[in-house]
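Structure first, commentary second.
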Amino acid sequence: MFRRQSAKPTIRPRTPCGHDLGPNRDWIVELEGTAKAALETGRTRLIVAGLVFACAFLVVGLRLVGIVLLQDVEEPRLAATPSGSEALETGRAEILDRNGQVLATTLPTSSLYANPRHITNPEEAAVRLATALPSEPKAKLLAKLSADRSFVWMKRGLTPRETAAVNRLGIPGLYFQREERRFYPHGALTSHIVGFTNIDNKGLAGMEQAFNPQLRGSNQPLRLSIDLRIQHILSEELLAGMQAFNGIGAAGLVMDARSGEVLAMVSLPSYDPNNPAAAPDAGRFNRATLGVYEMGSIFKIFTTAMALDSGVVTLEDGYDVTKPIRIARFTITDFHPHRGWLSIPEIFKESSNIGTVHMAVDSGTELQKRYLAGLGLLSAPKLELPEVGEPMIPAKWREINTMTISYGHGIAVTPVQAARAVAGVVNGGVLPEATLLKRPEGEPLGGTRVIGERTSDQMRWLMRLVVEQGTGGNAEAEGYLVGGKTGTADKLRPGGGYARDKRIASFAGAFPMNDPRYVVLAMVDEPKGTKASYGYATGGWVAAPVVGKTVQRMAPLLGIEPAPSAPVQNELLVPVNLRGRAVAAQ
Amino acid sequence: MIRLSSLLWLGAAGLAATVLFQVKDEVQDLEGELVGVQREIQRDREAIHVLKAEWSYLNRPARIEELARRHLGFQPLEQTQISLVDYLPARPEDFGRNAEAERLIVPPRRPSMPAGLSLAATPEAPPQPKIKQKAKPASQAVTAKASAPKKAPATAPSAVPVNPVTGRPLPVSSTLVSTGAQ
């Protein structure tokens, strides 16, 4: 109802029914038409607004009761800390080895910068600053301080002592910027794998480059397949072998024969990733993955595996190796010439080029290509590193190529490819994918079958024979049944043809040969014969001992059970029918 | 009446304000403390991070090796230092219980396998020793003949090796122990 009192009754109101209400009475105005509608709207709006506000206050009140009186489940019991994770948040994640040892980490440092416009006396400031930063030449500091700019880096990555010294000087216009710097605790030991970054923490080589986005994007450490202990052992033994024979370089690999994980990968000479600018180019070059080399007789493993797997020969067969093979203008001879027939095991054990070439020729070019491609030797290996070399294969595969490739000349592959192919041959015939990342526990092993299981058994026995009685005797590590194959390849002369005095001595082995777990490959570049080796610088003298000593030291660390030789040897024995000829395996 | 209720409300409001002020003050103190603790945590984390790097640096294998050589006289583990528990000689109380126990002698120079034990029985190896498969290639009768005498000393493949003392089967590969550790 709408009531209004008026002081001046100048009109006589009537009820809607027409009754006269009299002049002096309080009267009610009943509005009609548009005025009434407007009032009604106003009232409705007021009621709605009131209801809305009432609801809002009710909600606020209830919420207040809820918060104050009732325990809110979602309320955290502890105040949130700036970062939820345990580890320190850095701009670049750590790189760890397979056992969690830190290979690369980011350390907080401070960098010094100046605003030259705020520096009143550049000469004096430069002189004083030079006392605090002895490594910086005074002239350079002065030039920076007198520049007409408002920002100039004075020095980046100061040590805490330098920081304190500069602070003590109290020169206005000098400021510190908190920065992060990459640090490699193991320095040159893992430099070719881990790589390094530039001053702005951008990966420039190795895993640092390959995983740059992942390392920057998360705080999750990158876990490599490398085992630091094995890496150290291999590196030490390789260095000893290289120095003993005055080699110019060396490379080595330890690979898990089943999973293809690289446990150690060494390329010598190495460099310090904490100061990559000081490294010579030769040191930066990764021989194990980027360098391609003619591996020499190591390829006889693949040729023999191919011939046995395809049924071209059996272990009981043999070839006459008396006559050197002449083709075009080449003559293929043996390092230790033999007369008469040699059985397949003997050809392998004595590393006879002639016998191996016969095997390859009987197998044919197409088969050779197919098997080598299957073993991953004709295409660049898939490895996480950016430094991966493309193998050098003949553009046209003639018969002469088939012949030379059978014993490892005329084809150049990276050591990592060779190690992977050896793993495929000895582990039962399944070629694993080489990787530098740790495989998660229980992940199924991939890989493609390249040779039959029986051929793999035979190859294991043949490779054991090489160490037991053949050219690889120096690789023996008592109890661990090392098997392998030596390789000695003449290096190509820059002008063409082969240099007789420059060679690559290598050994590709695996152990324990009754059930191979690890493949070990060692290679020394340009070794020179010594008195102790009677002037020889062949794979058997140079690289085989490196592998033997490495195995001797690493096997106990990896929990490989040393086997008493006799029973396993008997197990490995294969009788050979030689139709009256000399017998390789007694 | 109106006066009294107003006074009551005023008093309540004043009380609330005081309590609120005190709580707020307390919270501010706690927040300050929290910031301090968080800063300390961050500092500790940084220190841990740096110490981890230093730990890794001090654990360089070359350094450990050098220190071990200089101070401990350690050398790499050799095969002769590793044996199986089951190759230990019988305990005195077992003598007489098992005639074979007395015959078991300690290996003269290095632990070696007791007769009749073969690696072929290693759990992870397939029951039919893998490598032996090549002992029977294809056809030749000559092969079989030649192989027969060689196999004989190696194994009786089906017999599970048994500890002569306890009579329980020998776990071949699982119980590796280093004699140096005992």
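Below, the figures for the structure above:
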| item | result |
| --- | --- |
| Filter result for the condition that a residue is within 14 Å of chain B (Cβ to nearest Cβ) and at pLDDT 90 or above, over A:LEU238, A:LEU253 | A:LEU238 |
| Contacts under 6 angstrom Cβ, first residue in region A:538-557 being farther than 14 Å from A:SER235 by Cβ and within 14 Å of chain B (Cβ to nearest Cβ), partner surrounded by fewer than 24 Cβ atoms within 10 Å (Cβ to Cβ) and among the basic types (Lys, Arg), 6 or more apart | A:LEU557/A:ARG229 |
| Filtered residues of region B:50-65 (kept if within 8 Å of another protein chain (Cβ to nearest Cβ) and aliphatic (A, V, I, L, M)) | B:VAL50, B:ALA53, B:ALA62 |
| A:ALA79, sole failed condition from (1) exposed (fewer than 10 other Cβ atoms within 10 Å of the Cβ); (2) of a type in the set (A, V, I, L, M, F, W, C); (3) at pLDDT below 65 | (1) |
| Lone qualifier among A:ARG182, A:ARG117, A:ARG149 - being basic (Lys, Arg) and within 14 Å of chain B (Cβ to nearest Cβ) | A:ARG182 |
| Criterion (open to solvent by 50 Å² or more (accessible area, probe 1.4 Å) and farther than 16 Å from A:ALA505 by Cβ) met by exactly one of A:ALA257, A:ALA278, A:ALA307 | A:ALA278 |
| Some residue of region A:482-497 being within 14 Å of chain B (Cβ to nearest Cβ), in contact with a helix residue (DSSP H, G or I) (Cβ under 9 Å, 6 or more places away or on another chain), farther than 20 Å from A:PRO337 by Cα and not aromatic (Phe, Trp, Tyr) | yes |
| Cross-chain or 6+ apart pairs with Cβ under 9 Å, region B:24-39 first and of a type in the set (Val, Ile, Thr), then open to solvent by less than 100 Å² (accessible area, probe 1.4 Å) | B:VAL37/A:THR81 |
| Residue within region A:208-221 that is more than 14 Å from every other protein chain (Cβ to nearest Cβ), closer than 22 Å to A:ARG420 by Cβ, open to solvent by less than 50 Å² (accessible area, probe 1.4 Å) and of a type outside the set (Ser, Thr, Tyr) present | yes |
| Residue count, region B:35-62 (criterion: surrounded by fewer than 12 Cβ atoms within 10 Å (Cβ to Cβ) and either on the phi > 0 side of the Ramachandran plot or of a type in the set (Lys, Arg) (or both)) | 2 |
| Pick from region A:434-455, criterion within 14 Å of chain B (Cβ to nearest Cβ) and in contact (Cβ under 8 Å) with a residue 60 or more places away in the chain, ranking: most open to solvent (accessible area, probe 1.4 Å) | A:GLY452 |
| Residues of region A:463-515 classified as open to solvent by 10 Å² or more (accessible area, probe 1.4 Å), among the basic types (Lys, Arg) and in a strand (DSSP E or B), total | 4 |
| Selection within region A:360-392 - over 28 Å from A:MET207 (Cβ atoms) and touching a His at 6+ places or on another chain (Cβ under 9 Å) | none |
| Close pairs from region A:357-384: first free of Cβ contacts under 8 Å to residues at least 24 places away in the same chain, partner assigned to a helix (DSSP H, G or I) and hydrophobic (A, V, I, L, M, F, W, C), Cβ under 6 Å, at least 6 apart | A:LEU378/A:LEU372 |
| Within region A:516-560, considering residues that are out of contact with any Gly (no Cβ under 6 Å at 6 or more places or on another chain) and at positive phi, the one most open to solvent (accessible area, probe 1.4 Å) | A:TYR534 |
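Yes or no, residue by residue, for (1) within 8 Å of another protein chain (Cβ to nearest Cβ); (2) farther than 27 Å from A:ALA104 by Cβ; (3) modelled with pLDDT under 90; (4) outside any helix (DSSP H, G or I):
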position	(1), (2), (3), (4)
B:GLY36	no, yes, no, no
B:GLU40	no, yes, no, no
B:ARG43	no, no, yes, no
B:ILE48	yes, no, yes, no
B:LEU67	no, no, no, no
B:THR80	no, yes, yes, no
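The values are calculated or read from the model by the stated rules, or taken from the named source; none is laboratory data. Quick caveat: nothing in here was measured; it's all calculated off a predicted structure. Every residue, glycine as well, gets a Cβ built from its backbone with ideal geometry; the counts of neighbours run over all protein chains shown. Note: accessible area is taken over every heavy atom of the protein model, side chains too, but ligands, DNA and RNA are not part of it. Shrake-Rupley method; radii C 1.70, N 1.55, O 1.52, S 1.80 Å.
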